[in-house]
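Undergrad: One structure, as structure tokens, below. Some questions next.
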Amino acid sequence: MKTKSKNGPSCSRRFFLKGLGAAGMAGALTTLSGCKDAGKPSGGEGWTPQQYNAPGSWPVQVRGRVPIDPHNPSIVRDDRKCILCGQCTEACKHVQSVEGFYGLPIKNDITCINCGQCALWCPTGAISERDDIAKVLRVIGDTRLHVIVQTAPATRIAIGEEFGMPAGSIVEGKMVAALKLLGFDRVFDTNFSADLTIMEEGTELVNRIRAAAGGHGESGHGHAPTALPQFSSCSPGWVKFCEYFYPDLLENMSTCKSPQQMLGAVAKTYYAKKKGIDPRQIVSVAIMPCTAKKFEASRSEMNSAGVMAGDPGMRDVDFVLTTRELARMIKGKGIDFVKLDPQPYDSLMGEGTGAAVIFAASGGVMEAAIRSGYFLLTGENPPESLYNLSAVRGLQGVKEASLTVPGFGELRVAVSQGLANARQLLDQIRADKQAGRPPRYHFIEFMACPGGCLSGGGQPKTSVPPSDWVRKERLHSIYTIDAKLAKKRLSHENKEVADLYADYLGKPNGDMAHRLLHTTYTDRSGQLTAKNKA
Amino acid sequence: MSKGVLVDMTKCFGCGACTVACKLWNEKKYDEVNKPTVGEAAQLVDINWTVVSKHDVTDGNGDAAWRFAKKQCLHCVDPACASSCLVGALRRTPEGPVVYHPDLCVGCRYCMVACPFNIPKYEWDKSFPKVSKCQMCFTRVVAGEQPACIAVCPNQVMQFGDRDALVREAHRRIADNGQLYVNHVFGETEVGGTAWLYLSDQPFDRLGFKTSVPQESLPAYTWQILSKLPAILLGWTAILSGIYFINKRRNGAAEGKQDTTGGPQA
């Protein structure tokens, strides 16, 4: 004991080795006994949305998501944000009647009409438009290029929402000012080419009606189709839908390009010639409420100006940005949109009438066409009642109207929005056609998106999923511009359009107009096995 | 009852919902640039337990077509990975899934060599890596739920159920629609059978499936040898011991002889 306290606790060599051995044995035993309990298997710590978690294999109504081709020119998806809520499928299947309306196995195409409604419905922003902002900024930065931009009717009543303004705020002047600040060389109005579209489409309608009555169209083009009813062709989502599912009715489709493509073709011909600019130096940008417009601009046949200039690789419209992308561009530049002083559109292609603005609303193309169609048929401006054709206005899925035109008789028209609704009309027309019955209508306006362009797939996501209150606010603003703010309300009174015909195109549906403003369609039925029901 | 999944690849349009469900449920990271989950470049890697690969093929009419193949661990009935695992970190459960227990894993990666389909992956870019592979949502399956990828499929490409019933269902579908399907259920006999069974209208090798695998279970091959080991070991022990003793006795006798002849003494 004495030595212990002197030198600290003593430990014999034997005792130490014994302890070490015992500890080793205990450790080995503990480790081995741990093997009996294998611990938790990896994975399974996360979550899935509520609808998929019912025990057992119960059926789930809302499931999965839409397929998107990675090469889709209009929309892209970021899987990191996808929560499999199924809203995109809801929009695609039940609003647009695309997904589920083709048989499986698929062919070599992911059926998509590029409308972008899925992007509008997506609550997490996983689906969005293909972002082309960087490309546009690059051409703006290149001083050798003359960058022009056009803005669709529906952008001016929606883009303010991206900057905290109330839904449907009319911000046409501010938007033009912002575009000029962004560095675009000229800011044109798609309203101008909407009026131009009415001249072409209205003339085409009159020609079709006269051909059906046995006569010959006044200025009809040699190979112009004569089938009635005539379908409007402004909505590229609708056009692709018809190409996929109703190719037998493509002869009813107006051969007119959409206003976007008309302005693009005219810009690189008429405008280039007037201003003495090489069309190859012009870059044409379009601000659209629509993701399908990106696809439309990329269609191979949309190169009329290029063909005319001997450079078929040149596109009529080079880049399409959605309203949301323009808003991001403005925010990116730090421009205080709300405080901007309004500026006017640039001349030559900047004038637009009230008839053009209402293109943004479902029924608007019809109303504008009736106003000018009346003039084309009778030579007189329409009576006051045709300036407020309430039968074709509003958010109903299918709308019908019938009016009497002096010297012509009854003109029967229909309007449809949302392609699930369009099927009602299309199936009827197909059945009539197969049975050899006379057409029920003379003219039908189809818009892919519910409400028309004002609730297009590229518009601000002011309510998610898009709701009728936003549509109604925007609708109200559109008709307010037409009734109260527009100086003119008839497309055929657009002075700049009249100048374009006088100086360059000749007459509506004439040869030059056909080369630049009309197009052809593709039967896409071979890319899917169409089904009538999901 | 052993569970399985029947995948009808003619019904897949490549939305990739199953891959997202897998990532959500198993909390796996995304790397769409280097490790995409859907498309031509999609590959099973450590963070991708399931992928949907895209293949350009020719359909029954001779037209170009796209097909999508959902890939993940096939969950062999007699898994080579589990048989090769030294510590029992990979185990086939009675419910069907072949499950990995990371707490037991020593990181030897024998499973990766053993797997005939090259499924187990290693988390090479982690400091303390684990093996990584589809668990067939084991915790869901034991709770009576279907795996996450199956629950979310919009086209009901996959059907979850008892494996035996699914094999019969697969043959019923082939019989009902012979002009569409290839007359083969991939996974019925491959490597002795897998829990995941596939139907296709294309030859399976065109959809990236490994068709050259043996039709017998792989552990059965090693078992042919291993089962004889105890007998061989005991036999050899007995023989060698016998030889030793005989030699010893002979040597002892020889030494005794030498002693009598008066050999050198130590």
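Undergrad: Quick check: anything in segment A:119-127 outside any loop (DSSP other than H, G, I, E, B) and within 14 Å of chain B (Cβ to nearest Cβ)? Spell out how you get there, then give the answer.
TA: Taking segment A:119-127 and keeping what is outside any loop (DSSP other than H, G, I, E, B), we get A:119-121, A:127.
Filter once more, so that each one left must be within 14 Å of chain B (Cβ to nearest Cβ): A:127.
The answer is yes; a qualifying residue exists.
Yes/no per residue for (1) β-branched (Val, Ile, Thr); (2) touching an Asp or Glu at 6+ places or on another chain (Cβ under 6 Å):
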residue: A:58; (1), (2): no, no
residue: A:76; (1), (2): yes, no
residue: A:81; (1), (2): no, no
residue: A:86; (1), (2): no, no
residue: A:93; (1), (2): no, yes
residue: A:128; (1), (2): no, no
residue: A:132; (1), (2): no, no
residue: A:138; (1), (2): no, no
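Undergrad: Another question, if that's okay. What number of residues within segment B:57-94 satisfy the criterion of being in contact (Cβ under 8 Å) with a residue 60 or more places away in the chain, of a type in the set (D, E, K, R) and within 12 Å of chain A (Cβ to nearest Cβ)?
TA: 2
Undergrad: Residue A:138 versus (1) buried (at least 18 other Cβ atoms within 10 Å of the Cβ); (2) of a type in the set (Lys, Arg); (3) more than 9 Å from every other protein chain (Cβ to nearest Cβ): which is the lone unmet condition?
TA: (1)
Undergrad: Looking for whichever is part of a strand (DSSP E or B), surrounded by fewer than 19 Cβ atoms within 10 Å (Cβ to Cβ) and free of Cβ contacts under 8 Å to residues at least 60 places away in the same chain here; the options are A:416, A:402, A:385. Which one fits? Please lay out each step first, then the result.
TA: Details: A:416 fails: surrounded by fewer than 19 Cβ atoms within 10 Å (Cβ to Cβ); A:385 fails: part of a strand (DSSP E or B).
Step by step, each of A:416, A:402, A:385 is checked, and only A:402 is part of a strand (DSSP E or B), surrounded by fewer than 19 Cβ atoms within 10 Å (Cβ to Cβ) and free of Cβ contacts under 8 Å to residues at least 60 places away in the same chain.
Undergrad: Could you check segment A:341-367 and list, in sequence order, the residues that are acidic (Asp, Glu) and surrounded by fewer than 24 Cβ atoms within 10 Å (Cβ to Cβ)? Talk me through it step by step, then tell me what you get.
TA: Pass one, segment A:341-367, residues acidic (Asp, Glu): A:341, A:346, A:351, A:367.
Listed by number, the residues that qualify are A:341, A:346, A:351.
Undergrad: Okay, next question. If you take the residues in segment A:50-68 that are more than 7 Å from chain B (Cβ to nearest Cβ) and closer than 25 Å to residue A:457 by Cα, which one is surrounded by the most Cβ atoms within 10 Å (Cβ to Cβ)?
TA: To start, the set of residues in segment A:50-68 that are more than 7 Å from chain B (Cβ to nearest Cβ) comprises A:50-51, A:53-54, A:58-59, A:61-62, A:68.
From what's left, closer than 25 Å to residue A:457 by Cα: A:61-62, A:68.
Values: A:61: 7, A:62: 14, A:68: 21.
So, considering only residues that are more than 7 Å from chain B (Cβ to nearest Cβ) and closer than 25 Å to residue A:457 by Cα, the one surrounded by the most Cβ atoms within 10 Å (Cβ to Cβ) is A:68.
Undergrad: Which residues, taken from segment B:123-156, are more than 9 Å from chain A (Cβ to nearest Cβ) and under 19 Å from residue B:68 (Cα atoms)? Spell out how you get there, then give the answer.
TA: Initially, segment B:123-156 is screened for residues more than 9 Å from chain A (Cβ to nearest Cβ), giving B:123-129, B:136, B:141-142, B:147, B:149.
The one that is more than 9 Å from chain A (Cβ to nearest Cβ) and under 19 Å from residue B:68 (Cα atoms): B:149.
Undergrad: Residue A:33 - would you say it is within 29 Å of residue B:123 (Cα to Cα), touching a Pro at 6+ places or on another chain (Cβ under 7 Å) and either at pLDDT 95 or above or not in a strand (DSSP E or B) (or both)? Write out each step before concluding.
TA: Details: within 29 Å of residue B:123 (Cα to Cα): yes; touching a Pro at 6+ places or on another chain (Cβ under 7 Å): no; either at pLDDT 95 or above or not in a strand (DSSP E or B) (or both): yes.
So residue A:33 fails the test.
Undergrad: I would also like to ask the following. Against the definition (polar (S, T, N, Q) and part of a helix (DSSP H, G or I)), how does residue A:48 come out, yes or no? It would help to see each step written out before you state the result.
TA: Values: polar (S, T, N, Q): yes; part of a helix (DSSP H, G or I): no.
Spelling it out, it is not the case that residue A:48 is polar (S, T, N, Q) and part of a helix (DSSP H, G or I).
Undergrad: A further question on this structure: List the residue pairs whose Cβ atoms are under 8 Å apart, where the first residue sits in segment A:441-458 and is surrounded by fewer than 24 Cβ atoms within 10 Å (Cβ to Cβ), the second is among the β-branched types (Val, Ile, Thr) and modelled with pLDDT under 95, and the two are 6 or more positions apart or on different chains.
TA: That search, which allows pairs on different chains as well, returns A:442/A:209.
Undergrad: Within segment A:69-80, track down each residue that is within 9 Å of chain B (Cβ to nearest Cβ) and either surrounded by 21 or more Cβ atoms within 10 Å (Cβ to Cβ) or farther than 22 Å from residue A:456 by Cβ (or both). Working first, answer last.
TA: Looking only at segment A:69-80, we keep the residues that are within 9 Å of chain B (Cβ to nearest Cβ), and these are A:69-70, A:77-80.
Of everything in segment A:69-80, those that are within 9 Å of chain B (Cβ to nearest Cβ) and either surrounded by 21 or more Cβ atoms within 10 Å (Cβ to Cβ) or farther than 22 Å from residue A:456 by Cβ (or both) turn out to be A:70, A:77, A:79, A:80.
Undergrad: Among what's in segment A:243-279 and is touching a Cys at 6+ places or on another chain (Cβ under 7 Å) and closer than 30 Å to residue A:434 by Cβ, pick the residue that is surrounded by the most Cβ atoms within 10 Å (Cβ to Cβ).
TA: Of the residues in segment A:243-279, the ones touching a Cys at 6+ places or on another chain (Cβ under 7 Å) are A:249-250, A:253, A:258-259.
Retained after the next criterion (residues that are closer than 30 Å to residue A:434 by Cβ): A:249-250, A:253, A:258.
On the way: A:249: 17, A:250: 19, A:253: 23, A:258: 30.
Per the criteria, the residue is A:258.
Undergrad: Return the total of residues in segment A:480-508 being more than 16 Å from residue A:263 (Cα to Cα) and part of a loop (DSSP other than H, G, I, E, B).
TA: 7
Undergrad: Now for a separate question. Looking at this structure, is residue A:126 over 23 Å from residue A:236 (Cβ atoms), free of Cβ contacts under 8 Å to residues at least 60 places away in the same chain and within 21 Å of the chain's Cα centre (by Cα)?
TA: On the way: over 23 Å from residue A:236 (Cβ atoms): yes; free of Cβ contacts under 8 Å to residues at least 60 places away in the same chain: yes; within 21 Å of the chain's Cα centre (by Cα): yes.
Yes.
Undergrad: Kindly evaluate residue A:410 against the criterion of being crowded, with 24+ Cβ neighbours inside 10 Å and either of a type in the set (Val, Ile, Thr) or farther than 18 Å from residue A:448 by Cβ (or both).
TA: Working: crowded, with 24+ Cβ neighbours inside 10 Å: no; either of a type in the set (Val, Ile, Thr) or farther than 18 Å from residue A:448 by Cβ (or both): yes.
No.
Undergrad: With respect to the numbered conditions (1) more than 10 Å from every other protein chain (Cβ to nearest Cβ); (2) modelled with pLDDT under 95, which one is the sole condition not fulfilled by residue B:40?
TA: (1)
Undergrad: Using the structure shown, decide if residue A:132 is in contact with a strand residue (DSSP E or B) (Cβ under 8 Å, 6 or more places away or on another chain), among the charged types (D, E, K, R) and more than 11 Å from chain B (Cβ to nearest Cβ).
TA: yes
Undergrad: Assess whether residue A:84 counts as being over 24 Å from residue A:427 (Cα atoms) and either without any contact (Cβ under 8 Å) to a residue 12 or more places away in the chain or of a type in the set (A, V, I, L, M) (or both).
TA: Working: over 24 Å from residue A:427 (Cα atoms): yes; either without any contact (Cβ under 8 Å) to a residue 12 or more places away in the chain or of a type in the set (A, V, I, L, M) (or both): yes.
For residue A:84, the condition - over 24 Å from residue A:427 (Cα atoms) and either without any contact (Cβ under 8 Å) to a residue 12 or more places away in the chain or of a type in the set (A, V, I, L, M) (or both) - is met.
Undergrad: Here are some residues: A:301, A:296. Which one is of a type in the set (Asp, Glu) and under 16 Å from residue A:113 (Cβ atoms)? So that I can check it myself, show each step before the final result.
TA: Working: A:301 fails: under 16 Å from residue A:113 (Cβ atoms).
Unique residue meeting the criteria: A:296.
Undergrad: Go through the residues of segment A:359-376 one by one and say whether even a single one is among the charged types (D, E, K, R) and part of a helix (DSSP H, G or I).
TA: The answer is yes; a qualifying residue exists.
Undergrad: Shifting gears a bit: Taking the condition modelled with pLDDT of 90 or more and within 25 Å of residue B:14 (Cβ to Cβ), does residue B:154 pass?
TA: On the way: modelled with pLDDT of 90 or more: yes; within 25 Å of residue B:14 (Cβ to Cβ): yes.
For residue B:154, the condition - modelled with pLDDT of 90 or more and within 25 Å of residue B:14 (Cβ to Cβ) - is met.
Undergrad: A further question on this structure: Can you name the residue in segment A:101-118 that is assigned to a loop (DSSP other than H, G, I, E, B) and hydrophobic (A, V, I, L, M, F, W, C) and is also surrounded by the fewest Cβ atoms within 10 Å (Cβ to Cβ) among such residues? Walk me through it before giving the result.
TA: Going residue by residue through segment A:101-118, those that are assigned to a loop (DSSP other than H, G, I, E, B) are A:101, A:103-116.
Within this subset, residues satisfying the condition of being hydrophobic (A, V, I, L, M, F, W, C) are A:101, A:104, A:106, A:110, A:112-113, A:115.
On the way: A:101: 23, A:104: 14, A:106: 23, A:110: 20, A:112: 25, A:113: 29, A:115: 33.
Only one residue fits best here, namely A:104.
Undergrad: Answer yes or no: is there a residue in segment A:81-93 that is buried (at least 18 other Cβ atoms within 10 Å of the Cβ), on the phi < 0 side of the Ramachandran plot, polar (S, T, N, Q) and touching a Leu at 6+ places or on another chain (Cβ under 9 Å).
TA: Looking for residues that are buried (at least 18 other Cβ atoms within 10 Å of the Cβ), on the phi < 0 side of the Ramachandran plot, polar (S, T, N, Q) and touching a Leu at 6+ places or on another chain (Cβ under 9 Å), one finds none in segment A:81-93, hence no.
Undergrad: Of the conditions (1) surrounded by 10 or more Cβ atoms within 10 Å (Cβ to Cβ); (2) within 14 Å of chain B (Cβ to nearest Cβ), residue A:30 clears all except one; give me its number.
TA: (1)
Undergrad: Could you tell me whether segment B:247-260 includes any residue that is more than 25 Å from the chain's Cα centre (by Cα) and aliphatic (A, V, I, L, M)?
TA: We begin by selecting, within segment B:247-260, every residue more than 25 Å from the chain's Cα centre (by Cα); these are B:247-260.
Subsequent filtering for residues that are aliphatic (A, V, I, L, M) retains B:253-254.
Scanning segment B:247-260 turns up at least one residue that is more than 25 Å from the chain's Cα centre (by Cα) and aliphatic (A, V, I, L, M).
The values are calculated or read from the model by the stated rules, or taken from the named source; none is laboratory data. Every value quoted in this text rests on a predicted model; they were computed, and no experiment measured them. No Cβ is skipped: glycine too gets one built from the backbone with ideal geometry, and neighbour counts run over all protein chains shown.
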